[in-house]
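Some notes on the structure that comes next.
The values are calculated or read from the model by the stated rules, or taken from the named source; none is laboratory data. For clarity, every value in this text was computed on a predicted model and none was experimentally measured. Here the Cβ positions follow ideal geometry from the backbone for every residue, glycine too, while neighbour counts run over all protein chains shown. Each accessible area value is taken on the protein alone, full model and side chains, heavy atoms only, with ligands, DNA and RNA left out. Shrake-Rupley method; radii C 1.70, N 1.55, O 1.52, S 1.80 Å.
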Protein chains: 2
Amino acid sequence: MRAEELATPALVVEAGALGHNLRVMSEALRGPRLRPHVKAHKCTGLASRQAANGHLGFTCATPREVEGMSAAGLGEDLLLANEVLDPARLHRLARLDARVTVAVDSDATVAAAARAGIEEVLIDVNIGLPRCGCRPEEAGPLSEKARAAGLSVRGVMGYEGHCVGLPDRELRAEMTASAMELLESAHRDVGGDIVSAGATGNYDLNRGATEIQAGSYALMDTAYGKLALPFQQALFVLATIISVSASGYAVADCGLKALGMDHGPPELVGGHDVYLVSDEHLTIGTVSPLQVGDRVRVIPAHVDPTVAYHERMHVVQDGEVLDAWPVDLRGW
Amino acid sequence: MRAEELATPALVVEAGALGHNLRVMSEALRGPRLRPHVKAHKCTGLASRQAANGHLGFTCATPREVEGMSAAGLGEDLLLANEVLDPARLHRLARLDARVTVAVDSDATVAAAARAGIEEVLIDVNIGLPRCGCRPEEAGPLSEKARAAGLSVRGVMGYEGHCVGLPDRELRAEMTASAMELLESAHRDVGGDIVSAGATGNYDLNRGATEIQAGSYALMDTAYGKLALPFQQALFVLATIISVSASGYAVADCGLKALGMDHGPPELVGGHDVYLVSDEHLTIGTVSPLQVGDRVRVIPAHVDPTVAYHERMHVVQDGEVLDAWPVDLRGW
């Protein structure tokens, strides 16, 4: 099938750009130095490609992602980099035929993990982003409580999300280093082999982590596209022009239910301006004439919440659809 | 099951508020005066309730919504209020055991509908929102082309989306009236029984339409909540506090993949401030003490793209889960 025959809106992944991104990252961070984050693509088809590149440990954000990765035979070393209290889900994770490590940052999350039969944890440390994680000085005592509860503590994790998108590379590096000092200090108190942190934006700047949790690099978006990283835009939403106005705008069949909008509106290949995003429509100012029936490629501002709206992504090369990968890790 | 036992994040619909909203709307717009728009809830379970209130015609935004409504036995009179060119989908719609009317606004969409065997259309007229729809003066000639192509033209539709959210009720009424003058003028040229337009924001102000396409009124969101409409907030995202910081914030397990963000961040029942929305986290400033494990209710800023992220909505009364309705009209 040709890409232009796909029913729209459709997620399209350019095989060449994806292959480039996977290769560049794997050359920079070999094997276990990268723990790819599946939340960015929610797709075991893509995760299999990352595993084939030598990355056998993965980062997950939800129990569903962990369960789906395990079911796909990708369960060699799954880190749930998030706090979970739900006993039923934790029980299911503990019973998977997979190595599962969960993040804990409080007495309550330690107790929930231990009660559910989870065997391994990381101490999640807050290193500047106002989100989960204990204070660095609490990490040591919490690790003792975890060990006392029978849990094996593999080390620490943190997420310097306030640094990873900074446009200035030097500032990004400095801020990353400051954040990582906090995580390394916590690690000295906690012990273990793992210091897990980082993202696509600072994958080559974070020197303190033993493993980097990058995810967006595989598909990319306009936010990370602004950082002069060596990754190419691989993901597009293919849309059809369904209406053209004499007033100089056109309307594509791709809207708020096909695009994560928290980082703002998407951009278009070809430079057309985005005027308006409605539930199922994208109104664009046209810089070149567009006809009803034409196809346009839309570049999401934020890859993660965009992919989460779609049932599958189509892998395309030279206009030919090579494969359709289910976005099979959606939900919780 | 009690609502507090639901795995989170979870869409929760308060049965009392939903019943109130359905009743108030049905008293204002009886039977065919309302053509509920299913794009707001994407749920045949909820649509069945609307049908039980006497509204047997529905508005859809995607072919999938039309097919799903037909499969659920709700196909008495389905309007696809959107332009579709895809021959395969149009063929499927034409073969449904349902009355299907599609919007057309150009020679290309008329030709596509006729070729696929679609029998009935509305002429979609642009009445001020920069989106689909022909110019009012083009509507008459387009209806002649449609009839010449063998299509039955049931009338006109438009969407005054630039008016429906205006905070000032008088201005909303005036702008609606101006927009509807354009649609009524087109209707005089086109003929047919139907003048379809309107939304929750001006359901009682739009005097020119023969039927109102309101959808959000059933569940509501913070955007429409600001307009002093007689509808209650019925939809919430239930989330669990998974982390509490000594710095005065807490983190809930509900983020960008559970919330449409185009209208901005959500609000919280209880008045907690929203600091940060991440893929799977909501960082909130707490106005009252929150503990790890507490539940919070999050009110989406925009109902449509919020619901589209979820697999089901749970109908709740007095804290008891009465039903779980699949969000079965997702996708395209």
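Quick notes
- Distance (nanometres) between label positions extended 7 Å along Cα→Cβ at B:Glu4 and A:Arg207: 5.1 nm
- Distances between copies of A:Asp318, taken at a point 7 Å out from Cα along the Cα→Cβ vector and listed shortest first: 6.8 nm.
- Beta carbon of chain B nearest to the axis of the rotation taking B to A, residue and angstrom distance: B:Met261, 3
- Remark: mean inter-chain Cβ contacts per residue of B:103-109 equal 4, using a 10 Å Cβ-Cβ cutoff to other protein chain atoms.
- Ranked order, A:Leu85, B:Leu151 - accessible area, probe 1.4 Å, largest first: A:Leu85, B:Leu151
- GNM flexibility winner over chain B from B:Leu183, B:Leu122, B:Leu56 (Cα, springs under 10 Å): B:Leu56
- Calculated SAXS-style log₁₀ I(q)/I(0) at q = 0.22 Å⁻¹ - the range A:110-238, Debye, Cα scatterers: -1.15
- The protein assembly as shown shape via C-alpha gyration tensor axes, a/c threshold 1.5: prolate
- Other protein chain Cβ atoms within 10 Å, averaged over every residue that makes up A:252-263: 6
- Ranking B:Glu5, A:Glu320, A:Glu120 by solvent-accessible area of protein heavy atoms (1.4 Å probe, all protein chains present), from largest to smallest, gives B:Glu5, A:Glu320, A:Glu120.
- Between B:Ala52 and B:Glu119, the FRET efficiency estimated from the beta carbon spacing at R0 = 25 angstrom works out to 0.35.
- Selection from B:Leu96, B:Val237, A:Val327, by position along the positive dipole direction of the protein assembly as shown (Cβ): B:Leu96
- B:Asp323 - accessible surface, heavy atoms, 1.4 Å probe, Å² rounded to 10: 70 Å²
- Residue-averaged 222 nm ellipticity for the protein assembly as shown, from DSSP H runs of 4+ at -39500 (n - 2.57), nearest 500: -8500 deg cm²/dmol
- Only protein heavy atoms count here; on that basis, with a 1.4 Å probe, A:Met175 has an accessible area of about 70 Å².
- When the surface is traced with a 1.4 Å probe over the full set of protein chains, A:Val244 keeps roughly 70 Å² accessible.
- When A:Arg23 is represented by a point 7 angstrom out along its Cα-to-C-beta vector, the spacings to that point in the other copies are 6.6 nm, nearest first.
- Two-decimal Rg to Rh for the range A:291-332 - Kirkwood Rh, Cα set: 1.03
- Each label was represented as a point 7 Å from its Cα along the Cα-to-Cβ direction; for B:His91 and B:Gln317 these points are 4.6 nm apart.
- For A:Ser247, the shell of other residues with beta-carbons less than 15 Å away shows a net charge of -2, using +1 for Lys and Arg and -1 for Asp and Glu.
- Accessible area of the range B:26-96 belonging to carbon and sulfur atoms, whole % at 1.4 Å probe: 51 percent
- Virtual spin-label span in nm between B:Val287 and B:Glu137, 7 Å along Cα→Cβ: 5.4 nm
- Protection-proxy order for peptides A:127-139, A:33-45, A:88-100, each taking the mean of Cβ atoms within 10 Å per residue, highest first: A:33-45, A:127-139, A:88-100
- Under 27 Å from the Cα of B:Lys257 - lysines, other chains or at least 8 residues apart: A:Lys39, A:Lys42, A:Lys226, A:Lys257, B:Lys39, B:Lys42, B:Lys226
- Summing charges over neighbours of A:Pro130, with a neighbour being any other residue whose Cβ is under 14 Å away from its Cβ, gives -2 when K and R count +1 and D and E count -1.
- Were the residues from A:Arg99 through A:Arg147 laid out at 0.36 nm apart, the gain over their Cα-Cα distance would be 15.5 nm.
- Using C-alpha pairs under 8 Å with a sequence gap of at least 6, the mean separation divided by the residue count of chain A gives a relative contact order of 21 percent.
- Label spacing, shortest first and in nm, from A:Ser247 to its equivalents in the remaining copies (7 angstrom along Cα→Cβ): 4.5
- Using only side-chain charges placed at the Cβ, +1 for Lys and Arg and -1 for Asp and Glu, the dipole size of chain B relative to its Cα centre rounds to 400 debye.
- Accessible area, probe 1.4 Å, largest first, for residues A:Arg115, B:Arg23: A:Arg115, B:Arg23
- Beyond 25 Å, the tail of the calculated P(r) for chain A holds 53 percent of the Cα pairs.
- Counting Cβ atoms of other protein chains within 10 Å of each residue's Cβ and taking the mean over peptide A:62-69 gives 1.
- Summing +1 for each Lys or Arg and -1 for each Asp or Glu among the other residues whose beta-carbon sits under 15 angstrom from that of B:Met25 gives +2.
- The charge dipole of the protein assembly as shown, taken about the Cα centre with unit charges on the Cβ atoms of Lys, Arg (+1) and Asp, Glu (-1), comes to about 680 debye, rounded to the nearest 20.
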